[in-house]
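**Student:** Have a look at this one before I ask anything.
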Amino acid sequence: MTAVGIDAIEIWTGNLKLDLPGTFAPEKGEDPEKYTKGLGLNASSFPDSYEDIVTMGANAAHRLMERKGLEPDDIGRIDVATESAFDNSKPVSTYVAGCLEQVYGDDFHHANKGERKFACIAGTQSLDDAFNWIQAGRNRGRSALVIATDTALYARGDAGEATQGAGAVAMLISEDPDLVELSTEQGYGSADETDFLKPNQQFPSVDGKRSVQVYLARMREALEDFESVAGETHPDQFAYIPFHTPFPGMVRKAGMLVYRHMIRDTSIEDELAEEIGRQPRAEAFDDDEAFHDALREYMDALKDTETYQEWYEATIDPTLTLSREVGNWYTGSVHVARVSALKHGLENDLDLAGSKLLVGSYGSGAQAEGHAETIQDGWKDEIEALNIDEQLDARYDMSWDDYEEIHDVHNHDMDVDVEEFTAPESEFVFDGWGRMGERKYRYVE
Ligand code: CAA
């Protein structure tokens, strides 16, 4: 089977920043540590008035194409994953292609374009589509461009307001990839759930506490399904486990869940037994409540063991560094987590080629998916080429008044015009509406 995977990746953050402990917490009358320690977030990225899902997606894709020396003819497929689309018919990928055609002499008329929807998991599903398209031999030597782009805004005052974010991830899926090879080892946990949805409305209806439980339940199912294909998993098997990261505190829970699952009936569980006992088994309990109480007690104890903490520091925590500074990017979030992990590898001079990642994606509604990837020889050059740190540093730090204004600007029900906070440079910008209600874009040198 041909090696197919992510050849290159680029991240584009919204140009504005909201400081959560410094600006958001005081206005909400909350302890700043609720954000930094509880949710695990320092800041959120926001789009300036001239930015949206198209500009961010096109900017990420443009940077990726330039860096890899690609022309439109090299791309046979453009899929955009988003839960922030503004049109129920015309896909965002057509707008992105239109933007890119402004800067390339050529066009994308022979590329298949589409849009994927299943909440935050749609980016990963688009990767799968691209993988299948290439493996089926339908790509004619060309690559696929997968773009995950969102403005993850919540209604003002919603509990999710602290977890907002905006940005795009562009990924090039090719044969003989430089970054990671995708595998056919994959498992799903999927059920009809009502945890987070947008029934033809811009801001989500969310049952926050329930959404956390649904995420964990589906993720456990996905891991079990993954094991039915790939065999039993072990904590030492994966260099990193990037999860969908709505906020790092969520991943703290997911990390504990997979670790407990992976150590069951292993020498790690045996070694820990002296310190904290063995994991409770459902069959040993007469009722569910007693079992779950025992499980909670075991997990509390497990969390404090050196064995768990060392594993978490090495395998999970490095996936969260970027998320702490940008918030939730919905479809892009798990792909930001992958980059964050590999960036950690680069900064710590780790020898990762040949190592495995277990990628845990999640979309509300709800579906989780776990799949394995193998890090490729070219990973260091790919990660070194990113400029995400510079982008983060260059963001304009909003005051509370700025934040209120920019939230209104991006609220589809409001008609607000404000001066931009930042000056666009070498990027696509929103340029007003056309006669049929379409959005227009132009490239600013
Ligand atoms: N110091 C330290 N920690 C503190 C603290 C303080 N002063 N104050 C609170 N905390 C901790 C809490 O103990 C809690 O941690 P645990 O869950 O580990 O106990 C954490 O901070 C959050 O506090 P609350 O639960 O009180 O926060 P909240 O009720 O205001 O909101 C939320 C939490 C419901 C998840 C909310 O952020 C939300 O609705 N978010 C949107 C939905 C979401 O992201 N769900 C995640 C799963 S669904 C998904 O993943 C899809 C998606 O992208 C949306």
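The values are calculated or read from the model by the stated rules, or taken from the named source; none is laboratory data. Being a predicted model, the structure only gives us computed values, none of them experimental. Every residue, glycine as well, gets a Cβ built from its backbone with ideal geometry; the counts of neighbours run over all protein chains shown. Quick note on the areas: whole protein, heavy atoms, side chains included, nothing else; ligands and nucleic acids left out. Shrake-Rupley method; radii C 1.70, N 1.55, O 1.52, S 1.80 Å.
**Student:** What is the residue count in the stretch 113-142 for residues that are of a type in the set (S, T, N, Q) and surrounded by fewer than 17 Cβ atoms within 10 Å (Cβ to Cβ)? Don't jump to the end; show me each part of the working.
**Tutor:** From the stretch 113-142, those of a type in the set (S, T, N, Q) are 124-126, 132, 135, 139; that's our starting set.
Applying the additional criterion that residues be surrounded by fewer than 17 Cβ atoms within 10 Å (Cβ to Cβ) yields 132, 135.
Counting residues in the stretch 113-142 that are of a type in the set (S, T, N, Q) and surrounded by fewer than 17 Cβ atoms within 10 Å (Cβ to Cβ) gives 2.
**Student:** Could you tell me whether HIS371 is under 17 Å from PRO47 (Cβ atoms) and within 27 Å of the chain's Cα centre (by Cα)?
**Tutor:** On the way: under 17 Å from PRO47 (Cβ atoms): no; within 27 Å of the chain's Cα centre (by Cα): yes.
Judged against the criteria, HIS371 is not a match.
**Student:** Right, here's the next one. Do we find a residue being more than 16 Å from the ligand (Cβ to nearest atom) and under 30 Å from ALA81 (Cβ atoms) anywhere in the stretch 280-289?
**Tutor:** Within the stretch 280-289, not a single residue is more than 16 Å from the ligand (Cβ to nearest atom) and under 30 Å from ALA81 (Cβ atoms).
**Student:** Would you confirm, using the coordinates I've provided, whether ALA144 is part of a helix (DSSP H, G or I), under 20 Å from the mean Cα position of the chain (by Cα) and more than 18 Å from ASN328 (Cα to Cα)? So that I can check it myself, show each step before the final result.
**Tutor:** On the way: part of a helix (DSSP H, G or I): no; under 20 Å from the mean Cα position of the chain (by Cα): yes; more than 18 Å from ASN328 (Cα to Cα): yes.
Spelling it out, it is not the case that ALA144 is part of a helix (DSSP H, G or I), under 20 Å from the mean Cα position of the chain (by Cα) and more than 18 Å from ASN328 (Cα to Cα).
**Student:** Could you please tell me which pairs satisfy a Cβ distance under 9 Å, a separation of 6+ or placement on different chains, a first residue in the stretch 425-437 that is on the phi > 0 side of the Ramachandran plot, and a second residue that is assigned to a loop (DSSP other than H, G, I, E, B)?
**Tutor:** From the stretch 425-437, the pairs are SER426/GLU445; GLY437/ASP87.
**Student:** Scanning the stretch 174-204 for residues that are of a type in the set (Asp, Glu) and in a strand (DSSP E or B), which turns out farthest from the ligand (Cβ to nearest atom)? Step through it out loud before you land on a result.
**Tutor:** Taking the stretch 174-204 and keeping what is of a type in the set (Asp, Glu), we get 175-176, 178, 181, 185, 192-193, 195.
With the extra rule that they be in a strand (DSSP E or B), the set shrinks to 175, 181, 185.
On the way: GLU175: 32, GLU181: 27, GLU185: 23 Å.
So the residue we want is GLU175.
**Student:** Can you pull out the residues in the stretch 265-283 that are outside any loop (DSSP other than H, G, I, E, B) and either modelled with pLDDT of 95 or more or not small (Gly, Ala, Ser) (or both)?
**Tutor:** Quick first cut of the stretch 265-283, residues outside any loop (DSSP other than H, G, I, E, B) only: 267-276, 282-283.
Result: SER267, ILE268, GLU269, ASP270, GLU271, LEU272, ALA273, GLU274, GLU275, ILE276, GLU283.
**Student:** Still on this model: Starting from residues that are part of a helix (DSSP H, G or I) and among the charged types (D, E, K, R), keep the ones in the stretch 15-30 and report whichever is least open to solvent (accessible area, probe 1.4 Å). Walk me through it before giving the result.
**Tutor:** Taking the stretch 15-30 first, the residues part of a helix (DSSP H, G or I) are 20-28.
Cutting the leftovers down to among the charged types (D, E, K, R) gives us 27-28.
On the way: GLU27: 105, LYS28: 77 Å².
Among them, the one singled out is LYS28.
**Student:** Across the stretch 296-314, what is the number of residues that are within 18 Å of ALA273 (Cβ to Cβ) and in contact (Cβ under 8 Å) with a residue 24 or more places away in the chain?
**Tutor:** So the answer is 9.
**Student:** If you don't mind, there's one more thing I want to ask. If I filter the stretch 31-85 down to residues being within 14 Å of the ligand (Cβ to nearest atom) and in a loop (DSSP other than H, G, I, E, B), which single residue comes out as most open to solvent (accessible area, probe 1.4 Å)? Walk me through how you get there before you give the answer.
**Tutor:** From the stretch 31-85, those within 14 Å of the ligand (Cβ to nearest atom) are 31-42, 44, 81-84; that's our starting set.
Within this subset, residues satisfying the condition of being in a loop (DSSP other than H, G, I, E, B) are 31, 40-42, 82-84.
On the way: ASP31: 92, GLY40: 1, LEU41: 0, ASN42: 54, THR82: 6, GLU83: 26, SER84: 17 Å².
Selected residue: ASP31.
**Student:** Which members of the stretch 94-110 meet the condition of being open to solvent by less than 10 Å² (accessible area, probe 1.4 Å) and either in a strand (DSSP E or B) or over 14 Å from ARG442 (Cα atoms) (or both)?
**Tutor:** Passing the criteria: only PHE108.
**Student:** Restricting attention to the stretch 161-186, report how many residues are surrounded by fewer than 21 Cβ atoms within 10 Å (Cβ to Cβ) and among the small types (Gly, Ala, Ser).
**Tutor:** 1
**Student:** Kindly provide the set of residues from the stretch 205-219 that are part of a helix (DSSP H, G or I), among the aliphatic types (A, V, I, L, M) and within 9 Å of the ligand (Cβ to nearest atom), ordered by number.
**Tutor:** Here is the first cut: in the stretch 205-219, the residues part of a helix (DSSP H, G or I) are 208-219.
Those still in the list that are among the aliphatic types (A, V, I, L, M) too: 212, 214, 216-217, 219.
Correct list: VAL212, VAL214, LEU216.
**Student:** For the condition more than 30 Å from ALA85 (Cα to Cα) and crowded, with 22+ Cβ neighbours inside 10 Å, what is the one hit in TYR240, TYR330, TYR312, TYR298?
**Tutor:** On the way: TYR330 fails: more than 30 Å from ALA85 (Cα to Cα); TYR312 fails: crowded, with 22+ Cβ neighbours inside 10 Å; TYR298 fails: crowded, with 22+ Cβ neighbours inside 10 Å.
On inspection, the qualifying residue turns out to be TYR240.
**Student:** Restricting to the stretch 313-368, name every residue that is closer than 23 Å to MET262 by Cα, more than 13 Å from the ligand (Cβ to nearest atom) and among the β-branched types (Val, Ile, Thr).
**Tutor:** THR315, ILE316, THR319, VAL359, listed by residue number.
**Student:** Looking at (1) of a type in the set (D, E, K, R); (2) over 30 Å from LEU346 (Cβ atoms); (3) part of a helix (DSSP H, G or I), can you tell me which one LYS253 breaks?
**Tutor:** LYS253 satisfies all of (1) of a type in the set (D, E, K, R); (2) over 30 Å from LEU346 (Cβ atoms); (3) part of a helix (DSSP H, G or I) except (2).
**Student:** Among (1) free of Cβ contacts under 8 Å to residues at least 60 places away in the same chain; (2) over 22 Å from the mean Cα position of the chain (by Cα), there is one condition GLU175 misses while meeting the rest; what is its number?
**Tutor:** With (1) free of Cβ contacts under 8 Å to residues at least 60 places away in the same chain; (2) over 22 Å from the mean Cα position of the chain (by Cα) applied to GLU175, the lone miss is (1).
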